[in-house]
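The values are calculated or read from the model by the stated rules, or taken from the named source; none is laboratory data. This is a predicted model, so every value here is computed, not measured. Ideal geometry is used to build each Cβ from the backbone, glycine not excepted, and the neighbour counts take in all protein chains shown. All accessible areas refer to the heavy atoms of the entire protein, side chains included, with ligands and DNA or RNA removed. Shrake-Rupley method; radii C 1.70, N 1.55, O 1.52, S 1.80 Å.
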Amino acid sequence: MQGSARRMGVMTDVHRRFLQLLMTHGVLEERDVKRMQKHCYKVHDRNATVDKLEDFINNINSVLESLYIEIKRGVTEDDGRPIYALVNLATTSVSKMATDFAENELDLFRKALELIIDSESGFASSTNILNLVDQLKGKKMKKKEAEQVLQKFVQNKWLIEKEGEFTLHGRAILEMEQYIRETYPDAVKICNICHSLLIQGQSCETCGIRMHLPCVAKYFRLNAEPRCPHCNDYWPHEIPEVFDPEKEREPGISKSNRKSLRSRRH
Amino acid sequence: MSEQSKDLSDPNFAAEAASSEVQSSPGVPGGVPPSATLAEPQSPPLGPTAAPQAVPPPQAPSDEEDPKALLEAAEEGRAHQAPSAAQPGPAPPAPAQLVQKAHELMWYVLVKDQKKMIIWFPDMVKDVIGSYKKWCRSILRRTSLILARVFGLHLRLTSFHTMEFALVKALDPEELDRVALSNRMPMTGLLLMILSLIYVKGRGARESAVWNVLRILGLRPWKKHSTFGDVRKLITEEFVQQNYLKYQRVPYVEPPEYEFFWGSRASREITKMQIMEFLARVFKKDPQAWPSRYREALEEARALREANPADHCPHNSVSED
């Protein structure tokens, strides 16, 4: 096993608790991760200064490297929220979900995944997925059952559903990007800006290059005349807003809730 | 009892509960934290390379079973089923392969635990260890070491008979991490509320009583909820399957009624004191506002401390001073 001492970070109980919690949650948004980090410090090392999140995570990742797992940071494709998940780098196949799902369920996911990747919008309709039910490996599955399995995928944060159509959850992209790029090298779409896997995004109508919505937001920020970075043609789509974590301060909470949060902390 | 059930209809509770509903966590709904109050000496951070196979895992002497004995029994048991028992063993694999298997097993166990699924030894062998089952022991040992060192979790054999393992937190102090993360785990809140109701009543909680409480959160049996989904299915099936709740028919009552009890897993993982703390947080009262329940919780805490003398107390729980 590798892991020379000089590169290794040090694991303390702060890090261990953080890892436990991250693993338990599956995937977390950045603000929750920061809160969780502070919580871990509070529990185990009240007096220490809280490391910058990036350094904190890099430290942990240096220990995880030899185990072929990693805390990965990604960004949701629709609104640019940063998310984190503990992912397994070694098993790069859909079978990493295998502990959870039966053979025919996994195959349903694979079929949905293929439809999503092949689609123009990054979404596959429920109807199209369900029509493939007869081709599934393993035990025969009825359409009704398949509908429920798809809902299970949504609940487990592998798929997102919007108006009867399905796309990949940010978590699935984080976990499976490598697998997807290796398995579907021709069908896969890549963002022109960040060069990562692209499922949902905007495309140039002239030259066809694609960009993630958050990448579009950042690239064309404050630009009155957005133009395609590749062919310089006018960029025809609406430019979304850059994600602002400050503005996002828990939209559902009123002042009274924040008060109650505070009072609980004494 | 009526006094106590009034508490659960406290308008404060409604406000609190409403806020917990709104703040639904984007994380995977995970259920209740597997916090064990068992004492475990903290495993010291070992060096980067895992200890050689000869070193036993850092388990407290209070461990119930000898995993080695279990594995031998399991291997014998399987030998009866598998016709391959008699064939000559293959050459021992390279250490790197065993290490890799240990890593796979580590991830397997972590995911199973994340999904609140049973970690069953025969499944471990079938799904991960496979043809390396002769080296099961050392693989398991290495996995336990890694889990302890990196995650602060103990892979503990919880039942010799059913060959079930569980991941148990080895870090002190124990507390409801998820509740402490300001209500960002709606599933936990939902389950804890039902468990608290049962605990406060001192006996099973009728389904109608449970729905009265859940109604305060805006949850109805027939309505799908954006976070919880089918709430009725969640509490009568999923939580029951995971052994957090028991859902039983009330005897001799017509038309049929059902009631909820604590499940075996809840009894194992959640202490009465944690329930008292939850109630205190939710109602902004002192836990001693439920005097008989608080006494029970204290006694249980004392009994647990006596059973695990290595456990040291200072409880950094947010709710205590």
query: What is the residue count in region B:265-301 for residues that are among the basic types (Lys, Arg), in a helix (DSSP H, G or I) and either open to solvent by 60 Å² or more (accessible area, probe 1.4 Å) or within 14 Å of chain A (Cβ to nearest Cβ) (or both)?
result: 3
message: Restricting to region B:108-126, name every residue that is in a helix (DSSP H, G or I) and facing another protein chain (nearest Cβ under 7 Å).
response: B:TYR108, B:LEU110, B:VAL111, B:LYS112, B:GLN114
- request: Return only the number of the condition from (1) in a helix (DSSP H, G or I); (2) open to solvent by 30 Å² or more (accessible area, probe 1.4 Å) that B:ILE139 does not satisfy.
  value: (2)
- request: Name every residue in region A:52-71 that is open to solvent by 80 Å² or more (accessible area, probe 1.4 Å) and within 14 Å of another protein chain (Cβ to nearest Cβ), in order of residue number.
  value: A:GLU65, A:TYR68
message: Checking A:LYS72 against (1) under 29 Å from B:LEU105 (Cβ atoms); (2) in a helix (DSSP H, G or I), only one condition comes out false. Which one?
response: (2)
- prompt: Consider A:LYS144 against the criteria (1) more than 14 Å from chain B (Cβ to nearest Cβ); (2) in a loop (DSSP other than H, G, I, E, B): it satisfies all of them except one. Which criterion is unmet?
  reply: (2)
- prompt: Can you tell which of A:THR76, A:THR24, A:THR49 is more than 7 Å from chain B (Cβ to nearest Cβ), at negative phi and at pLDDT below 90?
  reply: A:THR49
field: Members of region A:128-168 that are open to solvent by 90 Å² or more (accessible area, probe 1.4 Å) and more than 22 Å from the chain's Cα centre (by Cα)
entry: A:ASP134, A:GLN135, A:LYS137, A:LYS139, A:LYS140, A:LYS142, A:LYS143, A:LYS144, A:GLN148
- prompt: If you take the residues of region B:142-168 that are crowded, with 22+ Cβ neighbours inside 10 Å and hydroxyl-bearing (Ser, Thr, Tyr), which of them is nearest to the chain's Cα centre (by Cα)?
  reply: B:SER144
- request: Among the residues of region A:105-116, write down those that are open to solvent by 10 Å² or more (accessible area, probe 1.4 Å) and either without any contact (Cβ under 8 Å) to a residue 40 or more places away in the chain or in the same structural domain as A:HIS237 (by the TED database) (or both).
  value: A:LEU106, A:ARG110, A:LYS111, A:LEU115
field: Hits in region A:213-246 - residues which are among the charged types (D, E, K, R), open to solvent by 60 Å² or more (accessible area, probe 1.4 Å) and under 18 Å from A:GLU77 (Cβ atoms)
entry: A:LYS218, A:ARG221, A:GLU238, A:GLU241
message: Looking at region A:160-181 only, could you name the residues that are among the small types (Gly, Ala, Ser) and out of contact with any helix residue (DSSP H, G or I) (no Cβ under 7 Å at 6 or more places or on another chain)?
response: A:GLY170, A:ALA172
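The rows are residues; the columns are (1) without any contact (Cβ under 8 Å) to a residue 60 or more places away in the chain; (2) touching a strand residue (DSSP E or B) at 6+ places or on another chain (Cβ under 9 Å).
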residue: A:ASP118; (1), (2): no, yes
residue: A:PHE123; (1), (2): no, yes
residue: A:ASP134; (1), (2): yes, no
residue: A:LYS137; (1), (2): yes, no
residue: A:ALA146; (1), (2): yes, no
residue: A:LYS157; (1), (2): no, yes
residue: A:TYR184; (1), (2): no, no
residue: A:SER203; (1), (2): yes, yes
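From the set of residues in region B:232-245 that are part of a helix (DSSP H, G or I) and in contact with a helix residue (DSSP H, G or I) (Cβ under 7 Å, 6 or more places away or on another chain), which is farthest from B:LYS115 (Cα to Cα)?
B:ILE235
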- request: Could you please find all residues in region A:14-46 being among the hydrophobic types (A, V, I, L, M, F, W, C) and part of a helix (DSSP H, G or I)?
  value: A:VAL14, A:PHE18, A:LEU19, A:LEU21, A:LEU22, A:MET23, A:VAL33, A:MET36, A:CYS40, A:VAL43
